[in-house]
1. State all residues of region A:218-234 that are under 24 Å from residue B:244 (Cβ atoms) and in contact with an Asp or Glu (Cβ under 9 Å, 6 or more places away or on another chain); if no residue qualifies, say none.
2. Can you find a residue in region A:346-369 that is open to solvent by 40 Å² or more (accessible area, probe 1.4 Å) and part of a helix (DSSP H, G or I)?
3. When you check residue B:230 against the structure, is it away from every other protein chain (no Cβ under 14 Å) and crowded, with 24+ Cβ neighbours inside 10 Å, yes or no?
4. May I ask you to verify whether residue A:114 is touching a strand residue (DSSP E or B) at 6+ places or on another chain (Cβ under 8 Å) and of a type in the set (Lys, Arg)?
5. Just to be sure, is residue B:340 open to solvent by 40 Å² or more (accessible area, probe 1.4 Å), at pLDDT 75 or above, closer than 26 Å to residue B:256 by Cβ and of a type outside the set (A, V, I, L, M, F, W, C)?
6. Scan region B:13-27 residue by residue and report those that are touching a residue at least 24 places away in the same chain (Cβ under 8 Å), at the interface with another protein chain (Cβ under 8 Å from one of its Cβ atoms) and over 13 Å from the mean Cα position of the chain (by Cα).
7. Evaluate region A:146-168: report whether one residue or more is over 20 Å from residue A:334 (Cβ atoms) and away from chain B (no Cβ under 14 Å).
8. Test each condition in (1) farther than 24 Å from residue A:143 by Cα; (2) touching a Leu at 6+ places or on another chain (Cβ under 9 Å); (3) in a helix (DSSP H, G or I) for residue A:305 and report the one that comes out false.
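The values are calculated or read from the model by the stated rules, or taken from the named source; none is laboratory data. Remember, it's a predicted structure, so these values are computed and weren't measured experimentally. Quick reminder, even Gly has a Cβ in these numbers, built from the backbone with ideal geometry, and neighbours come from all protein chains shown. Please note that ligands, DNA and RNA were not included when accessible areas were found on the heavy atoms of the full protein model with its side chains. Shrake-Rupley method; radii C 1.70, N 1.55, O 1.52, S 1.80 Å.
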Amino acid sequence: MRKSTRAALVGGLAVALGVTGCSTKADSSSSGSGSGDVKTDIGITAKEINLGVLTDLSGVFKNLGLAYTAGNQLWADDVNAKGGVCGRQVKLDVADTAYKADTAVTLYASMKSKDAGIIQMVGSQILAALKSQITADNMLSIPASWASTNLDSDAVFMVGATYDVEMINGLAYLQKKGMLKDGDKIGHIYIGGEYGGGGLLGSQAYAKDHNQTVVEEKIASTDTDMAAAVTDLKSKGVNVIAVTTTPAQMASAATQAQAQGLDVPIVGNNPTYDPTLLNTPAKDALGKYYRSESLVPFSSDVPLAKEIAKKYATKYPNDKPNDAVDFGYASGIAYQAVLEKACSNKDLTRAGIVKAKSEVKVDVNGLMDKLDFSKPGQPSTRSTYIEQADPSAVGGLRVVQDLSESTEAKNYKTPFQK
Amino acid sequence: MIVVLILVPIYATSAWLSVATWIMVGGVGAMGLTMLLGQAGQLSLANTFFLLVGGVSYSVFAGPTDDPTYVGFGLTPLLALVLAVIVSGLVGALFAPIAGRLSGIYLGVASLSLVFLGFYLGRVLPELAGSTSSGRAPVQFGIGSFTISPPNPPITLLGVPLGADERKYYVFVILTAIAYVLARGAIKGRIGRAWRAVRDNESAATVLGVSVMGAKSSAFVVSSMYAGLSGVMTVWWYSLMKPDESEFGTFGVTQAIAFLAMVVIGGMGSLVGSILGSAVVFGLPLILTLLVKNDGVQSGTAFSPGVITNLIYGILIILIIMFEPRGLAGLGHRILALFRK
């Protein structure tokens, strides 16, 4: 090695070692201080509570992500106007994953050093990628997905009914109205994965109670044409079609069923509907579609929903609303209840927040039924609305059955229920 | 250079470490592809299939034996890593005869079928690959009593405690360095010369006594081994082995094209180029995301980091093919040549 190169290397090393003292990571005592008499660690200071928002603002779920985040922000504004939580103002740390798991992993790595928890996490593959980390790091996270197979981690803060419960309530409604009888065949079109699998758990459990058969049609999330699935269901003589798919796929199934003369009711989970479907040719095929959903519709008369709608129109006049805004707000209320419990326990460390979650029951002021997080492995509510597509209603849906919990849903055991 | 690499975890936060490790994951896979495409002239879009094979094999070899849902053999992570790489190589060898009969774009399309095969197998074999919804938890790397997660035994380097992220970074650097050294050796040696002979003119190569089938097979085996290693590193990076739900996932078509982009941008046949290409294709979206500070809700942003990166690397590919077909490596040579004058 030439002398000058060696000299340069040694010089560089010396500088590097000298500068090491400035490395912030070498600081030993960074976190773990208390302000007042409440214990805190990461993400909480004497004046602020920092909550992360790991959302999709530019990818496939951009419409939902923007609406959820707007809902979170409206809640944060309201709470801060009333003095904050535990005497601290809530600040949202919004990050856009564009629905990509690798971006989410990197963004999470930066969130875990500055936020106390995650108030919104969009994407079931993102939840899958981060689940072991949020559990190990005690980052209480509200996912925008409701698969009961994720209820095994205390760090997963699932607000609302799970897909299996939604489906059970939907089928129970059809049976109550005489559209489904014991011994019938239920055709279930579902996306392979935790979403479709969750819905399928529900239809299978319901069918078992009522001596019915489930004819399964598994599809991929990127499939667009449901002709083959519907043809198969028609040939097997199903009496009801259950769908746990994307809105476009539900529309395709409904159109196909109508075209093939399969005149049966269609019941779907909450993500199977999008009001923009009413602007497509599918609008004439949605007459027999029913949606089971634990969240209030955007156009609801519930006072808080109306207030949210008004504030949304003022703050975001250029954006079209959907009920994801209400979910964002409801998530905020639920998180607030947990933070207040942790505050009264004098423990706002991340571990303390996770612990407080299993001690709360939350009243979300009519946006959903009362939520109960104290039963491990169980969904926080089992009551859903049943809605029908309605072009004349704002938001494209009208309620045909108010919040109710069917007996079958009440008795259903989720996979991790003790 | 080595000093800089060693000192990175002292300063970098977890987020930047995850960017660096993700670039290395892509770099290793791209090194394999650049040897296959740049040195041996075989167009293969099946890189992500071998990533899947590597990741699944590792999870199966290292997984616990008593797990009721998933198959596991309970081997140590190091042994499982080696076996996973070997299995990927063997699967690559199985595909090699097809390479013997096809060339150019036809081989590319045929290799694409492997990606779809992988997509299908991933969905029908959840006992091996994990379910498409939640995957299976992998065994993180560890040798003897040194483990990554949870970090044991406690090591402190220059005053900074080495946690799981820092250790993962060092393990990845060591693996990438080994991969680089071995690749360099292959390129400079007889095997590399055989590849280049086959790439430039198959008939001339045969006349010179180079076995064309042998060279193509070895190219596939080596590149699939590298892709297999990259697959294991992917599983460690995500702390999850999860087969894709759609064709646009970690082991899908878009990623295969991303690897191809890395090789083209970096310079076909250049190893340093593959790492630079990975920094652009894998690293840039993450780097931009971390640099762009979101203040509040943005209403329907058109130019998110993901979109900007895709535009950048699309433009880069066009510019490179038009002006510097040898990629960033070619640019590097030109700059160095300026200095030597």
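1. Hits for region A:218-234 are A:220, A:221, A:222, A:226, A:228, A:229.
2. yes
3. Numbers: away from every other protein chain (no Cβ under 14 Å): no; crowded, with 24+ Cβ neighbours inside 10 Å: yes.
No; evaluated as a whole, the condition is false for this residue.
4. yes
5. Judged against the criteria, residue B:340 is not a match.
6. Hits for region B:13-27 are B:14, B:15, B:17, B:18, B:19.
7. Checked against the condition, which is being over 20 Å from residue A:334 (Cβ atoms) and away from chain B (no Cβ under 14 Å), region A:146-168 yields at least one hit.
8. Among (1) farther than 24 Å from residue A:143 by Cα; (2) touching a Leu at 6+ places or on another chain (Cβ under 9 Å); (3) in a helix (DSSP H, G or I), the lone unmet condition for residue A:305 is (1).
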